[in-house]
């Protein structure tokens, strides 16, 4: 074990922050760390919007299902897939790049690039004593978020990262059994085996909740997932993506 | 600066490995680190396939455009978006989850989850002295890779991560200017400013290549991007995703 692995293994999402802004140095460290992540073909296909303004954070908190910790975070980063600068690069070089930018492949590249960068940012923040929480719920109202942040074509908000000084101690939720997530050579196609692993995991999760809530709650993981997945959420994302010129092509 | 930030800032992709397999402990450390990344709504929507078999690595190297370092890596990880276990969860709980799994939103969740996990894996590997290289080129022949790894519906290969003992010293490619990637409050909509930043970056990159290649090469970044984006690559990804039941719905 070393400090990197300790930081990684020590991760917990923080949802209560002291009301103190990050310093400029902290923000710079976080962004520079994000930038050092690997990037597909050197594209660097993302932009990070940093929100300090209290009323903008409040508006984003509201759009993200009233998650007050968005508003109270020390700094709120919005990670965006961004191919806008590649469109500019095409213009600068007088080369037609639209066909390429609009492929589904390029959408994947941008989402992956942005996510790798974000995880570097998250770990850098945690390593300097800050707490973080990813906010996927900015996709609840993705179009409004996009308008609020003045995102042009080829730029879409993917998720937020609330960062700040932790004001709570939180626990770690047990992950899936390693053998359920990690298979060797080929995918484990024996569904009986996978189902048995999930049943075993259900017991872990049930007793985790039971302990944490003094018996008030004991949901299984599969129960939680099924309940959540029973109703489709965030409908219309594809329409939004296409309106921003993403994934218009195969 | 601390060890986490040093590791992040010290990243370089490694494309020559000593021909030595990773130990079981190393693989476990890497996978457990991946699992500790944040995950949207506790979904943990990814699976990692670890490839040790030399002939399978050779086949993957071929499918990824003859990248020999895939074959010679100590361990080749394939990160997959995975909603298959959520389909099983639905079956176990007797809840209809298909509508939800097939939304574009859930595709995004799975790609983001897998990518956050991968970056934890990459940093964990680097922190124990291993070198890494992401391999997006497994998407060159995504269907063949999928068949080779026996991936069922709701599982798609996103990218590989070649890991091994570095057998080369590589340089670091300069990233985009921070102010081009990081904007405050709203997106920088002044295209003149963005273009000027890219021109400045072009000079950085030109002189970087010139120094590294003793003057044989001096491409601008925008030139590199425009050249690469002139021809759409990896066409048909959308059709493949839909065949695996991803993104069938809005």
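Report, as an integer, the average count of C-beta atoms from other chains found within 10 Å of each Cβ along A:232-244.
Values: counts 11, 6, 8, 7, 5, 9, 9, 2, 2, 4, 2, 0, 0.
Per-residue shielding by partner chains comes out at 5.
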Original post:
In nm, one decimal, shortest first: how far is the label point of residue B:169 (7 Å from Cα along Cα to beta carbon) from the matching points in the other copies?
Top reply: 4.6
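Let me check against my output: what whole-number percent is the relative contact order of the stretch B:28-147, with C-alpha pairs under 8 Å and at least 6 apart? Can you show the working numbers first?
Numbers: 135 pairs, mean separation 45.0, N = 120.
Relative contact order comes out at 38 percent.
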Original post:
Can you give the angle from 0 to 90° between the axis of helix A:24-35 and the longest principal axis of chain A, with both taken from C-alpha atoms, to the nearest 10?
Top reply: 90
**OP:** Take the alpha-carbon centre of the stretch A:16-56, take the same for the stretch A:76-107, and report the distance between them in whole Å.
**Re:** 20
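Mind checking the mean number of beta-carbon atoms from other chains within 10 Å of the Cβ atoms in A:13-22? Could you put the intermediate results ahead of the total?
Details: counts 2, 0, 0, 0, 0, 0, 0, 0, 0, 0.
Neighbouring Cβ atoms belonging to other protein chains average 0 per residue here.
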**OP:** Give me the angle, in degrees from 0 to 90, between the Cα long axis of helix A:191-212 and the longest principal axis of the Cα atoms of chain A, rounded to the nearest 10.
**Re:** 80
Subject >> Burial ranking of peptide ranges B:55-68, A:28-41 (average Cβ count within 10 Å, highest at the top) >> reply: A:28-41, B:55-68
Original post:
When Cβ neighbours within 10 Å are restricted to other protein chains, what is their mean count per residue of peptide B:95-102?
Top reply: 5
**OP:** Would you please calculate the Kirkwood hydrodynamic radius of the stretch B:178-219 over all C-alpha pairs and express it in Å, rounded to one decimal?
**Re:** 11.6
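Take each of the peptides A:228-237, B:121-130, A:105-114, average the number of other beta-carbon atoms within 10 Å over its residues, and list them starting from the highest. Spell out each step's value before the answer.
On the way: A:228-237: 17.0, B:121-130: 22.9, A:105-114: 25.9.
So the order, starting with the most tightly packed, is A:105-114, B:121-130, A:228-237.
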Original post:
What are the nm distances, shortest first, from residue B:41 to its equivalents in the other copies, labels at 7 Å along Cα→Cβ?
Top reply: 3.3
Subject >> Separation between Cα centres of the stretch A:176-250 and the stretch B:126-162, rounded to whole Å >> reply: 21
Subject >> Most mobile of A:240, A:159, A:17 in a GNM of chain A (Cα contacts under 10 Å) >> reply: A:240
**OP:** Figure the gain on full extension for residue B:1 and residue B:19 (residue separation times 0.36 nm, minus the Cα-Cα span) and round it to one decimal in nm.
**Re:** 3.2 nm
Original post:
Can you give the calculated 222 nm mean residue ellipticity of chain B, where each DSSP H run of n ≥ 4 adds -39,500 (n - 2.57) and the sum is split over every residue, rounded to the nearest 500 deg cm²/dmol?
Top reply: -14000 deg cm²/dmol
Original post:
Once the mean 1/r over all distinct Cα pairs of chain A is inverted, what Kirkwood radius in angstroms do you read off?
Top reply: 20.2
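Using R₀ = 35 Å, calculate the FRET efficiency as 1/(1 + (r/R₀)^6) where r is the Cβ-Cβ separation of residue B:204 and residue A:140; round to 0.05.
Values: r = 39 Å, r/R0 = 1.11.
Computed FRET efficiency for residue B:204 and residue A:140: 0.35.
Expected output is a single nm value to one decimal: the length gained when fully extending between residue B:96 and residue B:214, i.e. 0.36 nm times separation in residues minus the C-alpha distance. What is it? Walk me through the numbers before you get to the answer.
Working: separation 118, 0.36 × 118 = 42.48 nm, distance 6.20 nm.
Length gained between residue B:96 and residue B:214: 36.3 nm.
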Original post:
Taking only C-alpha pairs under 8 Å that are 6+ residues apart, what is the relative contact order of chain B in percent?
Top reply: 26
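With a 10 Å radius around each residue's Cβ, average the other Cβ atoms per peptide and rank B:178-184, B:44-50, highest first.
Details: B:178-184: 18.0, B:44-50: 24.7.
Output ranking for B:178-184, B:44-50: B:44-50, B:178-184.
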Subject >> Set of the stretch A:50-71 residues, backbone N closer than 20 Å to the point 7 Å along the Cα-Cβ line of residue A:227 >> reply: A:65-67
Original post:
At residue A:54 and residue B:62, where each label point lies 7 Å from the Cα along Cα→Cβ, what is the point-to-point distance in nanometres?
Top reply: 6.5
**OP:** Rounded to the nearest 10 degrees, what's the angle between the helix A:54-63 long axis and the longest principal axis of chain A, both from Cα atoms, 0 to 90?
**Re:** 70
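Every read-out reported here was derived from the displayed coordinates using simple, explicitly stated rules and does not represent laboratory data. Every value quoted in this text rests on a predicted model; they were computed, and no experiment measured them. Virtual Cβ from ideal backbone geometry, glycine too; neighbours counted across all protein chains shown.
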